[in-house]
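Step one of this worksheet: look at the structure below.
The values are calculated or read from the model by the stated rules, or taken from the named source; none is laboratory data. Remember, predicted model here, so these are calculated numbers, not experimental data. Positions of Cβ are generated from backbone atoms using ideal geometry, with glycine treated the same way; all protein chains shown enter the neighbour counts. When the accessible area is computed, the model is the full protein with side chains, heavy atoms only, and any ligands, DNA or RNA have been set aside. Shrake-Rupley method; radii C 1.70, N 1.55, O 1.52, S 1.80 Å.
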Amino acid sequence: MSEHIAAISDIAAKYDNDPNRLLDILIDVQAQERCVTDDVTRQLAQQVGLSWADIHQTVSFYHFLSETPRGEYTIYLNNGPVAIMQGYEEVAAAFSEAAGCSIDSVTEDGRIGLFVTADIGMGDQEIAALINRVVFTCLTPEKARALVKDMQEGLSVQDMARKHREYGDGNNSLPAIHSMVRNNIQKAGPVCLGPYEVGVALRKCATQSPEDILSQIKASKLRGRGGAGFPTAMKWEFCAKAQGPERCVVANADEGEPGTFKDRVLLTERAELLFEGMAICAYAVGATTGSLYLRGEYTYLREYLEQVLEQMRADNLLGKDIAGKAGFDFDIRVQLGAGSYVCGEESALLESAEGKRGEPRNRPPFPAQSGYRAMPTVIDNVETLASAAQIIDKGADWFSNMGTEESTGTKVLSISGDCDRPGIYEVEFGITIGELLDMAGARDPQAVQVGGPSGHCLNADARDTMISFEGCSSAGAIIIIGKQHDLLAIIDNFMEFFTDESCGSCGPCRSGTWMLRNTLRRIRQGQGTREDLTSMRQLSEVMKKTTKCGLGHTAPHPILNTMDNFPHLYEALIPEQSDIRVFDLEASIKAANAAVGRTSASKETREKEEEQL
Amino acid sequence: MSETIETSSETITLTIDGQEIQAKTGQTILQAACENGIYIPTLCALHADKENGLKSDIAPGTCRICTVRVNGRTMAACTTPVAQDYIVENDTEELNDLRKTIVELLFVEGNHFCPSCEKSGSCDLQALAYRYQMLSPRFRYAFSSREVNAESPKLLFDRNRCILCRRCVLAITTEDGKQLFGFTKRGDKSGIIMDEELVKNISEEQAQQAMHICPVGAIIRKEKGFDTPFGQRKYDHNPIGSETVCTTCNGEKS
C-alpha cells in the first residue's frame, strides 16, 4: 500500500505538485492504475493543495479518466457517425461477446474493459478503436474476436497492433509512431501539404521585424481554420497589444468534431511546419511560451512530436535566440487532453490546459487579453499556424491568389462516409460540394454533412454550394451519407454526442441538448406530434440566443437542418391527425410492470408475449 | 471562470430599455442595472450584501436567465461589462419568453415540488415561474433520479431541487480557497457534489450562508431550516422583480 502511495506521489512530484498540471498528473495516474480512485483523489488533494471536490470535478469531466478500474486492456470503440454507418454494431457485438462483458463494463477478472467513445479522428478508416491509447483501424467482427483472444493471452498492445495490420504510410511507420494509421492523402495542395523545407520560413521570419510579419499575415487575409474564420492577423494584433509580462501561443490540436481528421495527418506529416508557424506567431506577438494541446485520442503521436521538438531545439529553431536572432526565445510543450469535445473551444481548452474542467470561460476577457495562466494568448488551429509559416516563406500574394475574395488560400478537408476515396483533400477555397463529391467518388448521396454535427446537413440540391467562409464554412469535415442509411439515426447519434459533450455548466445547453435528443427519439419511435416539431424549433432558438459557447449555439443544427432540408423524413414519422400526444401505454408502465412482476398491461399483449415464449 | 468582479471609477452612459443610466467602467450590465433600480432576473449571479455575507459579487454565468440584447446581440448581463453608449434591451417580450423557457427547462430537468419545499415563498425559481406565468411547462419532465445527501451533520443537500447554478461552488470555500462544493460529470449527468470532509466541519456561519445563497431549496441547514414562516416570506406578498431596486441586493446596495 505504501508503495502504491509513493507511486502516486512520484507522479505528482514529476509535475512539481503543480495544480496547473493536474490534467497531466491525472492522465499518468489513469494510465498506470487504470483509474483515479477516491483515495488517490484525496492523496492528490493533499499533495497539490486542492480539495477533494476540486479534483473530483476535473476527474469526472474527462471521458478517459475514471474512478473505477477500466481494465488492464481498455478498449474505447469509436461510435461516431461514420462508424455507425459502416458496421459499428456488429463489431461492438463481437467485442462484447468474445470478451464476455457488455459495453461500459469490465470483465470479471479485470482484464478487458469495453467502452465506447465519440469520434477518434479515424473517419477514413473505420471501424476504429483505441486499446490502451494504441489506435486500431479497419476493424471487423472477426478482427475484434482475434484481438480479444490476444488480450486474453496477454499479448502487449504493440504486438497486437503489429499482428493486426502493418504500419501505415509516411511517418506512421517511424519508430516513434509505429502505428497502423494511414494518412490517406488523396489530394495534396500547395499550402499545408505542399513542398516544404524545414527552417526556411522561420529563418526568413527572424530577419524581419514583428510588424513586418504581422503585415504579411494581414496581407494574406488568412482566416482561422477552426471553423469560425476569425482574421488571424487581427487576433495576433490583439495579443501583441495586450498588457502582460509574458505571452503565450497555443496550437489547438483538439479536433473533436466527428468526421474531422485533417490535423491528425498534418501532425503526422507536417509537425515542423506547425511548430514553425507557432514560433513565427510567437515572434510577431512577442510570446515566449508555447503549447500544443493534443487531443487524448492522438496520444500515439506524442512521442514523435516530442522528438520533432527536440530536433528543432537542436537545430536552433526553438529555444534561445532562435535562428540566430538574439532575444528570439520561444519553446513549446505538448499538453495532452483526456477526451472532451468542448475543449476544442478556445477558452475551454485553456481551462483544460490549466488542469481544470474543460468549460468555456465567461468572456470578456478574451484569450488575447488573458488566456493561458492569465497570459495574453493566441490560440490558433493547427492548419492556421501551418498556413502562416508557408505565407512567411512563399509570400502573402502567393497565398492570397488562391481561393476566393473572402477566403484566401486552401482548406484541408477530411472526407469520409459513402465514397470510393475517403481521406484528406487540400483544395482551394471556393470548390463546390459537387466537385468534392466527384473527386471523392460519391454517387448520388442522400445527404452531405459539412463541418460535422455542428455544421450543415445538406441535401442533393447543394451541389453548387461553395466551401468558403462566405458560403458554407467548416473546420473541414465532410461526411457523405448514402441513401441506404436512416438519416435520422445519424442525427440521433449527433444529438447523443452533444448531450454527452455539453460541459453541463450553462442551463439551456445542458437541458436543451437532452430535450432535443429525447424529442427526436420520440418522433423516431412514431410517438411524435406536430407540436413536437414546433417545440424543437422554439427550443433551438432559445439555445442559439442564450447558451454560453459555440457548442450550445450549434447543437440544434442537426435537427434544424434536417427539418428544413429533409422535411419528408419527419412527415413520414408523424401521424396525420396527431395534435394530441401519442401515448405508448406499454412503454410508460414498463417500470411499474416490472416492479409488480407483471409482463404487460393489456390482455392482448400478454397473450402475444406468452405465445412468443 | 470569472468569479468576482472589480470595478473602477470612470463613469460612462448607456441605455437600458430606452432609459439612460450612468455606470462605472468595469461594472457588468447587471450591476449597473441593479444600481439604477432596473430589474434583470438572475438565478446564478448574486450581489454581495450583509445578509449573504459575500465579499464580492459573484457571476457564474451558468443560468443565462439574465440574457439581454446589447446593440442587437444576445449576451448575459451578469458577465458582460458596460461600455459607453451601449443600447441594452431587457424587458421585452422576446427576452421574457426566453427567460420563461429557461425556467421551464429547469423545472422539467429537476424534481421541483413547491408545496412540499422548505424554500417555498423565498425560492427564486418559484418566484420567476410566477413572474413569467408558467402554468404547465411546455416540455416533458425528465423525472430524473437524484440523490439526497444527509450525511453532513449540518447540511441537507437535496439534489432534486438543485438547478446547478454554482453559487455554492464559487462562494463556499475554506480560508485558503479550497472548494467545499464541486461540479461533477458533464452534459445530462452533471451534478453538484460536496467534499464530505470539509462539509462535515463546516462552520455555523458558512452553513447558514450556503443555505441562504442557494436560490432554491437544495441546501438546507439541518434542525434549523428557515425562521420566517410560510406566508410571510420574501415573495409571498411582493413578486420577484416588483421592487424598485433589484431583489438580488434587497435594496441594501452600498
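If N is the number of residues in region A:497-541, what value comes out of its Cα radius of gyration divided by 2.2 N^0.38 Å? Let's see the in-between values first.
Details: Rg = 11.0 Å, N = 45, 2.2 N^0.38 = 9.3 Å.
With N residues counted in region A:497-541, Rg over 2.2 N^0.38 Å equals 1.17.
Once R0 is set to 45 Å, what does the formula 1/(1 + (r/R0)^6) return for the Cβ-Cβ distance between B:Ser56 and A:Asp461, expressed as a FRET efficiency to the nearest 0.05? Don't skip to the end; give the middle numbers.
Numbers: r = 55 Å, r/R0 = 1.22.
E(calc), rounded to 0.05, equals 0.25.
State log₁₀ I(q)/I(0) for region A:187-400 at q = 0.10, 0.12, 0.18 Å⁻¹ as given by the Debye formula over alpha-carbon point scatterers of equal weight, solvent excluded.
Log10 I(q)/I(0), no solvent term: -0.37, -0.54, -1.35.
Quick one: with all protein chains in place, what share of the accessible area of region A:3-59 is carbon or sulfur, to the nearest percent (1.4 Å probe)?
Details: 990 of 2180 Å².
The computed percentage sits at 45.
Considering every residue in B:61-67, what mean count of other chain Cβ atoms within 10 Å of its Cβ is obtained? Don't skip to the answer; put the middle values down first.
Numbers: counts 7, 10, 4, 11, 3, 1, 5.
The shielding value for this peptide is 6.
How big is D, in µm² s⁻¹, for region A:73-165 by Stokes-Einstein at 20 °C and 1.002 mPa s if Rh is the Kirkwood radius over C-alpha pairs?
On the way: Rh = 12.7 Å.
Value of D from the Cα-based Kirkwood radius: 169 µm²/s.
At a threshold of 8 angstrom on Cα-Cα distance, excluding pairs fewer than six apart, so keeping six or more, what relative contact order does region B:11-91 reach in percent? Present the calculation step by step, with values, prior to reporting the outcome.
Working: 157 pairs, mean separation 31.8, N = 81.
Relative contact order of region B:11-91: 39 percent.
Using a 1.4 Å probe on protein heavy atoms, which residues of region B:139-158 have at least 40 Å² less accessible area in the complex than alone?
Residues of region B:139-158 that lose at least 40 Å² of accessible area once the other chains are added: B:Phe139, B:Arg140.
Pop out a list of residues from region B:176-203 that are at least 30 Å² less accessible with all the protein chains around than in their chain alone; 1.4 Å probe, no ligands or nucleic acids counted.
Residues of region B:176-203 that lose at least 30 Å² of accessible area once the other chains are added: B:Lys178, B:Gln179, B:Phe183, B:Lys185, B:Arg186, B:Gly187, B:Asp188, B:Ile193, B:Asp195.
Which one of A:Ala128, A:Thr117, A:Gln86 is farthest out on the positive end of the charge dipole of region A:73-165, using unit charges on Cβ (Lys, Arg +1; Asp, Glu -1) and the Cα centre as origin?
Ranked along the dipole, the leading option is A:Ala128.
Run the numbers on region A:43-69: which residues show a drop of 50 Å² or more in accessible area, chain on its own versus all protein chains together, using a 1.4 Å probe over heavy atoms?
A:Ser51, A:Trp52, A:Ala53, A:Gln57
Please compute the volume of the convex hull spanned by the alpha-carbon atoms of region A:3-59 and report it per residue in Å³.
On the way: hull volume 3.7 nm³, N = 57.
Residue-normalised Cα hull volume stands at 64 Å³.
Charges at C-beta only: +1 for Lys and Arg, -1 for Asp and Glu. How large is the resulting dipole of the protein assembly as shown about its Cα centre, in Debye rounded to 20?
Dipole of the protein assembly as shown, to the nearest 20 debye: 800 debye.
Around A:Met234, what is the net charge, scoring Lys/Arg as +1 and Asp/Glu as -1 over all other residues with Cβ under 13 Å from its Cβ? Don't jump to the answer; show the numbers that get you there.
Details: positive: A:Lys218, A:Lys221, A:Arg223, A:Lys235, A:Lys241; negative: A:Glu237, A:Asp380.
Net local charge, A:Met234 excluded: +3.
Before I look further, what does the protein assembly as shown give for accessible area per residue, probe 1.4 Å, in whole square angstrom?
Details: 33990 Å² over 867 residues.
Heavy-atom SASA per residue in the protein assembly as shown reads 39 Å².
In 5 Å bins starting at zero, report the fraction of Cα pairs in region B:96-237 per bin as a rounded %.
With a bin width of 5 Å, the distribution comes to 2, 9, 19, 22, 20, 15, 9, 4, 1, 0.
Protein chains only, probe 1.4 Å: how do B:Lys119, A:Lys221 rank by accessible area, largest first?
Numbers: B:Lys119 10, A:Lys221 90 Å².
These residues rank, largest area first, as A:Lys221, B:Lys119.
For region A:323-409, with all protein chains present and a 1.4 Å probe, just round the carbon and sulfur fraction of the accessible area to a whole percent.
On the way: 1140 of 2380 Å².
C and S atoms contribute 48 percent here.
How would the protein assembly as shown be classified by its alpha-carbon gyration tensor: rounded, prolate or oblate, with rounded meaning a/c under 1.5 and the a/b versus b/c comparison settling the rest? It would help to have the intermediate numbers written out before the result.
Numbers: a/c = 1.41, a/b = 1.19, b/c = 1.19.
Judged from the Cα gyration tensor, the protein assembly as shown comes out rounded (a/c under 1.5).
Hey, what did region A:488-571 get for relative contact order, percent, Cα under 8 Å, at least 6 apart? Mind dumping the intermediate values first?
Numbers: 73 pairs, mean separation 28.0, N = 84.
Averaging sequence separation for qualifying contacts and normalising by length gives 33 percent for region A:488-571.
If you bin every alpha carbon distance in chain B into 5 Å steps from zero, what whole percent lands in each bin?
Bins of 5 Å from zero give 1, 6, 13, 18, 19, 17, 13, 8, 4, 1, 0 percent of pairs.
In chain B, what percent of the accessible surface is made up of carbon and sulfur (1.4 Å probe, ligands and nucleic acids excluded)?
Values: 5360 of 11340 Å².
Within chain B, the accessible surface is 47 percent carbon and sulfur.
What's the total accessible area buried between chains B and A, using a 1.4 Å probe, rounded to the nearest 100 Å²? Before the final figure, lay out the partial values.
Details: alone 13260 and 24510 Å², together 33990 Å².
The buried area between B and A, both sides summed, comes to about 3800 Å².
Would you mind working out the magnitude of the charge dipole of region A:73-165 relative to its Cα centre, with +1 at each Lys and Arg C-beta and -1 at each Asp and Glu C-beta, to the nearest 20 Debye?
Details: 8 positive and 13 negative charges, 69 e Å.
Rounded to the nearest 20 debye, it is 320 debye.
Please work out the C-alpha center-to-center distance from region B:77-152 to region A:443-477 and express it in whole Å.
37
Sorting A:Trp398, A:Trp236, A:Trp52 by accessible area (1.4 Å probe), largest first, what list results? Intermediate values should be presented prior to the final figure.
Working: A:Trp398 75, A:Trp236 0, A:Trp52 30 Å².
Final ranking, largest accessible area leading: A:Trp398, A:Trp52, A:Trp236.
Which distance in Å, rounded to a whole number, links the C-alpha centroids of region A:153-223 and region A:282-327?
Distance between centres, Cα-based: 14 Å.
Which whole number gives the average, over all residues in A:542-551, of C-beta atoms from other chains lying within 10 Å of the residue C-beta?
Numbers: counts 10, 4, 1, 10, 13, 4, 5, 0, 0, 0.
Across A:542-551, the average partner-chain Cβ count within 10 Å equals 5.
At a temperature of 4 °C and a viscosity of 1.567 mPa s, determine how fast region B:72-168 diffuses translationally according to Stokes-Einstein, using the Kirkwood radius over alpha-carbon pairs as Rh; express D in µm²/s, rounded to the nearest whole number. Please report the intermediate quantities before stating the final value.
Working: Rh = 15.8 Å.
After rounding, the answer is 82 µm²/s.
What's the center-to-center distance, using Cα atoms, between region A:345-419 and region A:505-548 in Å?
Answer, in whole Å: 31.
Excluding A:Gln446 itself, calculate the net charge of residues whose Cβ lies under 13 Å from the Cβ of A:Gln446, where each Lys or Arg counts +1 and each Asp or Glu counts -1. Please list the in-between numbers first.
On the way: positive: A:Arg443, A:Lys483; negative: A:Asp418, A:Asp444, A:Asp461, A:Asp486.
Here the count lands on -2.
What is region A:287-422's relative contact order, in percent, from Cα pairs under 8 angstrom and six or more apart in sequence?
15
If we count every other residue with Cβ under 15 angstrom of B:Glu197's Cβ, Lys/Arg +1 and Asp/Glu -1, where does the sum land? Before the final figure, lay out the partial values.
Details: positive: A:Arg42, B:Lys154, B:Lys178, B:Lys200; negative: A:Asp38, A:Asp39, A:Asp54, B:Glu151, B:Asp176, B:Asp195, B:Glu196.
That works out to -3.
What order, most packed first, do the peptides A:121-128, A:87-94 have when packing is the mean number of other Cβ atoms within 10 Å of each residue? Don't skip to the end; give the middle numbers.
Values: A:121-128: 26.4, A:87-94: 18.2.
Per-residue mean Cβ counts within 10 Å order the peptides as A:121-128, A:87-94.
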